[in-house]
1. Give, rounded to the nearest 20 debye, the magnitude of the charge dipole that segment 173-285 has about its Cα centre when Lys and Arg contribute +1 at Cβ and Asp and Glu contribute -1 at Cβ.
2. Could you give me the ³J(HN,Hα) list for segment 64-78, computed from phi with Karplus coefficients 6.51, -1.76, 1.60 and θ = phi - 60°, whole Hz, x at Gly and Pro?
3. Using a 1.4 angstrom probe, figure out how much accessible area the chain has per residue, in square angstrom, rounded to the nearest whole.
4. Using unit Cβ charges (K, R positive; D, E negative) and no other charged atoms, how large, in debye to the nearest 20, is the dipole of segment 1-91 about its Cα centre?
5. Longest segment of the chain with no GluC sites (Glu not before Pro) in a DSSP loop having at most 14 other Cβ atoms within 10 Å?
6. With +1 on each Lys and Arg Cβ and -1 on each Asp and Glu Cβ, how big is the dipole of the chain about its Cα centre, in debye rounded to the nearest 20?
7. Please give the net charge around R138, taking every other residue with its beta carbon less than 12 angstrom from that of R138, where Lys and Arg add +1 and Asp and Glu add -1.
8. With the full set of protein chains in place, find how many percent of the accessible area of segment 106-189 is carbon and sulfur; take the probe as 1.4 Å.
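The values are calculated or read from the model by the stated rules, or taken from the named source; none is laboratory data. Remember, predicted model here, so these are calculated numbers, not experimental data. All Cβ positions, even for glycine, are placed from backbone atoms using ideal geometry, and neighbour counts span all protein chains on display. Heads up: the accessible areas ignore ligands, DNA and RNA and are worked out on the full protein's heavy atoms, side chains in. Shrake-Rupley method; radii C 1.70, N 1.55, O 1.52, S 1.80 Å.
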Amino acid sequence: MRLSELIAICRREMTCVRDAAPGEAEILVSAVTGIPRSRLFLSMQDETGDASVRLSPLIARRATGEPLQYVLGAWDFFGREFLLSPDTLIPRPETEGLVERAVAVLRRSPAARPLALDVGTGSGAIAVTLAAEVPAARVVATDISPGALRKARENAARHGVAARVQAIRCDLLSALKCGGRFAVVVSNPPYVAEGEWPLLPSEVRDHEPPGAFLAGRDGLSVLRPLVAGAAGLLSPGGELWCEIGASQGEAVSSLPCGSLRPLGVFPDLAGRDRYAGWVKPEMER
């Protein structure tokens, strides 16, 4: 079967997939044939062998509502492909803005080998990206999920930074006992209020790990203790950066933060409040 025929079949069968995004058929075909999406148009006359046999189960899974990222078992983040599983949150484009801020902190750190802490690492997308973007950096990545940590370690090895990314199983309170030595603490914590859970898309509710989203009645049950205790994790001049919900800017700005100084709440590319930062003063008063 030629590639052009395979794409036509996939497009036709994908019409039964609710809320399928434009281009999903091409993404699936690229995955089963190994032909990069950028070369599909130039390869339309190529024979695809038994690719249709491998394609059908993927379409069937997608038709049940399973997210495309889990069907593929991987997704791009910050220009790198990360392996995923149902134990891991699907990395979103908004989180790349969080990483950009953490990378900037590491690059201007005076330490020869700056240390970063990623709280709630999931697939390791943040931790691995920090290590890859800042070759001098070392990263501690924590999570309570053994399955997530397995993927984080796989992704660190996949991108050649396993020697500089230490994945540790621990909860938030244990992470807060790591000691005051980090140039940056970064987290994309759960920040969805329990009452908002039914409002999320079914793809999220039925397939992604609830623990990666839910954070109590106000959505701040994880962020609150992290902000309150982060001063004990940071070296002088170190910064805490967290992703937040679009409606949480005012509430997050009012969180008790100990000796930290708020840097403010900043928008994502869509103009919605998305990132909050704090800094530990160079000199304690």
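1. Value, rounded to 20: 480 debye.
2. 3J(HN,Hα) across segment 64-78, in whole Hz: 7, x, 5, x, 4, 4, 6, 4, 6, x, 6, 7, 7, 8, 6.
3. It amounts to 48 Å² per residue over the chain.
4. Working: 10 positive and 12 negative charges, 24 e Å.
It works out to roughly 120 debye.
5. On the way: sites that count: E282, E284.
Excluding the exposed sites themselves, the longest stretch runs over 1-281.
6. Roughly 860 debye, rounded to the nearest 20.
7. Numbers: positive: R113, R164, R181; negative: D118.
Result for the local shell: +2.
8. 52 percent
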